[in-house]
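What follows is one structure encoded as structure tokens, with my remarks underneath.
The values are calculated or read from the model by the stated rules, or taken from the named source; none is laboratory data. Note that this is a predicted model, so its numbers are computed, not measured. Here the Cβ is made from the backbone with ideal geometry for all residues, glycine too, and neighbour counts use every protein chain on show. Remember, those area values only see protein heavy atoms, side chains included, never the ligands or the DNA or RNA. Shrake-Rupley method; radii C 1.70, N 1.55, O 1.52, S 1.80 Å.
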There are 2 protein chains.
Amino acid sequence: MAQAVRLVSTPESMPKIEHFECVEVDMPEPADGEALVETLYLSLDPYMRSQIAGRHMSGSVLPGDILRGEAVSRVIKSRNPALREGDVIAAHSGWRSHALVTPEGARPLGFSGLPESYGLGVLGMPGLTAYAGLLLRGEPKPGDNLLVSSAAGCVGATVGQIGRIKGCRTIGIAGGAEKCGWLKNTARFDEAIDYKNENLREAIDRHCPATPPYGGIDIYYDNIGGDMLQAAMERLAFGARVVLCGLMDQYNSKVVPTGPNPALIIRARATVRGVVVYDHEDLRSEMVEHISSWIRSGDMVVKEDITIGLEQAGAAFVKLLSGATYGKVLVKLT
Amino acid sequence: MAQAVRLVSTPESMPKIEHFECVEVDMPEPADGEALVETLYLSLDPYMRSQIAGRHMSGSVLPGDILRGEAVSRVIKSRNPALREGDVIAAHSGWRSHALVTPEGARPLGFSGLPESYGLGVLGMPGLTAYAGLLLRGEPKPGDNLLVSSAAGCVGATVGQIGRIKGCRTIGIAGGAEKCGWLKNTARFDEAIDYKNENLREAIDRHCPATPPYGGIDIYYDNIGGDMLQAAMERLAFGARVVLCGLMDQYNSKVVPTGPNPALIIRARATVRGVVVYDHEDLRSEMVEHISSWIRSGDMVVKEDITIGLEQAGAAFVKLLSGATYGKVLVKLT
């Protein structure tokens, strides 16, 4: 038998373990042109919260549906010569132990000599999000103060490290001493702000020296929204760039939230733009080439948070949303 | 004796006539290097509401202060060879009948053969705001749907007409049938939306045909903020540009307002930027050259709302803020 995880009901606020159910399903049988893959690693990402709320641009997950998501998998039975048994590929196959893929729906990892799980993280969708978002939307210049929220997450940590490589002063925001210690000591951010134990506004002011009447943030890479976005936008440097990447703050809310006063954008002559990873497939091979070389040279470190077993995927996702994880959150299948 | 208008007290909400007081003051006497000018036209602008609220980037006007503002004036007595008697210049001389200027504080109008009052409107600060804001921030392309709020105001009418000249489909938002008739029939906007008598959201949908899931607004040039900005941002086309120029909606508010949900920016892949006219002095001569040629060729029309007498300036300003005026609002001194 194969396994899959279904959404039991739509969470009203923060999802709980009981919203997810791991069930046995029939082992799929590949038709002509298809291949059967077994999942090695399943990626868990904050955007999935938005899918199960029914408002993500990639589509909705409704009660009874198997959850969606990207996985790294191995071909175990093929009826397509383009997918050979033993090939390792990434595919949007969902929270499943086994799935059917076609060559069009499978993506080669594009690297070797590094852990295959990186294809879901720093060398996958989050890596591309960070790379395209920072370079195309953040336009980093040497000496820029780059502030990153959710900095110990996979996207945030990648943004900060690319920023350091590009010569920025990097300031990461994360919750708790452990994450902040990792940011400073391992990921080599210049500064880390522990928003759970520090006054966020004072800490930004201290780490991003300002030239009044402007603030000191040249680039704000936002994965959170809400009050963190508000605090950063009150402190933008002249000509700042704000990169809107994720809105974790509103994924659990049923109310349509507001945003910062537009006067803050005018005052700072800021440019505010979003990054949507689906728009940047053309950068994927360049991203993989650059980030894998930074990993090999030691310029970039990678943190993963791996849970074992598909039946633990719901619990791992709840933990991700609670802020208790850092690095790339993955489920490794047994 | 000379005249000047003082702020009596800081308005809590919408300013009233009694917040302004026209008083007699001593006739200024030019020192060496200065010239005495008599005001011909005083410019009244929405940003002044923000000055008297104490929160405009150009500075504050407090109770007892003479109101600030730009005027077109004639030199009547000079102790500087660079300013000859009879010269007509523009200067930030405030709500005064007479003032002292130096060559550094005086700007030649830069055009001839058109009314001197245009130097405060379509060929002055509002014209430069419209020109720089639309061309640098809006990046108009032929066929773009350009939506402009406060479209019958000097900035808005100039934006829409430049947009038409650049090949955009222009949709203006204004209050009342008279302004909307003027927009369509005289200023030759493609469409006009009377927000006082139409459902704004339905009218935008009708005039900016959309390609779901995106809206139909390629450029939104905003002079208002508030719910009008919200409505437009819900309807942005893929890759839209939002130009934040003015926030009339909040000038009378003591509460710091919020803005639209940042998710709308991400979804539309929009670029949101402000325009601050002080940043664009380098474009002034180019702007005067282009706009004056469009006026002469008939491609651009100019509307002025002229009140006679400095003692009427407060009343004219109250009228401007009430939305009862359109075109460039000026006080002509007697």
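Observations on the model:
- Filtered by the rule that a residue be surrounded by fewer than 18 Cβ atoms within 10 Å (Cβ to Cβ) and in a strand (DSSP E or B), region A:82-125 gives A:Val88, A:Pro108.
- Test: A:Glu304 is within 14 Å of another protein chain (Cβ to nearest Cβ) and open to solvent by 20 Å² or more (accessible area, probe 1.4 Å): no
- Any hit, region A:44-61, residues being over 29 Å from B:Leu264 (Cα atoms), of a type outside the set (Phe, Trp, Tyr), in contact (Cβ under 8 Å) with a residue 40 or more places away in the chain and open to solvent by less than 30 Å² (accessible area, probe 1.4 Å): no
- In region B:1-35, of all residues being open to solvent by less than 10 Å² (accessible area, probe 1.4 Å) and under 28 Å from B:Pro103 (Cβ atoms), the one that is nearest to the chain's Cα centre (by Cα) corresponds to B:Val5.
- Within region B:241-250, the set of residues being more than 22 Å from B:Ile52 (Cα to Cα) and either away from chain A (no Cβ under 11 Å) or open to solvent by 10 Å² or more (accessible area, probe 1.4 Å) (or both) comprises B:Arg241 only.
- Of the numbered criteria (1) over 24 Å from A:Asn199 (Cβ atoms); (2) more than 9 Å from chain B (Cβ to nearest Cβ); (3) assigned to a helix (DSSP H, G or I), the one A:Asp279 fails is (2).
- Leading residue by the ranking (farthest from B:Pro46 (Cα to Cα)) among those in region B:131-153 that are in a strand (DSSP E or B) and open to solvent by 10 Å² or more (accessible area, probe 1.4 Å): B:Asn145
- Residue check, A:Leu128 assigned to a helix (DSSP H, G or I), surrounded by fewer than 24 Cβ atoms within 10 Å (Cβ to Cβ) and not polar (S, T, N, Q): no
- Total residues in region B:251-272 satisfying the condition of being open to solvent by 10 Å² or more (accessible area, probe 1.4 Å) and more than 7 Å from every other protein chain (Cβ to nearest Cβ): the figure is 6.
- If the condition is being closer than 25 Å to A:Gly133 by Cα and among the β-branched types (Val, Ile, Thr), then region B:226-257 contributes B:Val242, B:Val243.
- In region B:68-94, the residues that are out of contact with any Phe, Trp or Tyr (no Cβ under 8 Å at 6 or more places or on another chain) and of a type in the set (A, V, I, L, M, F, W, C): B:Val75, B:Ile76, B:Ala82, B:Leu83, B:Val88, B:Ile89, B:Ala90, B:Ala91
- Output for region A:201-223, where each listed residue is open to solvent by less than 30 Å² (accessible area, probe 1.4 Å) and within 12 Å of chain B (Cβ to nearest Cβ): A:Tyr220, A:Asp222, A:Asn223
- B:Gly156 passes every criterion in (1) closer than 21 Å to B:Arg273 by Cα; (2) open to solvent by 10 Å² or more (accessible area, probe 1.4 Å); (3) part of a helix (DSSP H, G or I) apart from (2).
- All told, A:Thr39 falls short of being modelled with pLDDT of 95 or more and more than 25 Å from the chain's Cα centre (by Cα).
- Condition check for A:Gly309 on (1) crowded, with 22+ Cβ neighbours inside 10 Å; (2) at positive phi: one failure, at (1).
- Among the residues making up region A:159-177, a single one is surrounded by fewer than 24 Cβ atoms within 10 Å (Cβ to Cβ) and assigned to a strand (DSSP E or B): A:Arg169.
- Residue in region A:132-139 that is within 19 Å of A:Val302 (Cα to Cα), at pLDDT 95 or above, touching a strand residue (DSSP E or B) at 6+ places or on another chain (Cβ under 8 Å) and not acidic (Asp, Glu) present: yes
- Looking at B:Ala31, B:Ala4, just one residue is in a strand (DSSP E or B), modelled with pLDDT of 95 or more and of a type outside the set (D, E, K, R), and that residue is B:Ala4.
- When region B:178-200 is limited to residues that are assigned to a helix (DSSP H, G or I) and under 16 Å from B:Ser150 (Cα atoms), the one that is least open to solvent (accessible area, probe 1.4 Å) turns out to be B:Leu183.
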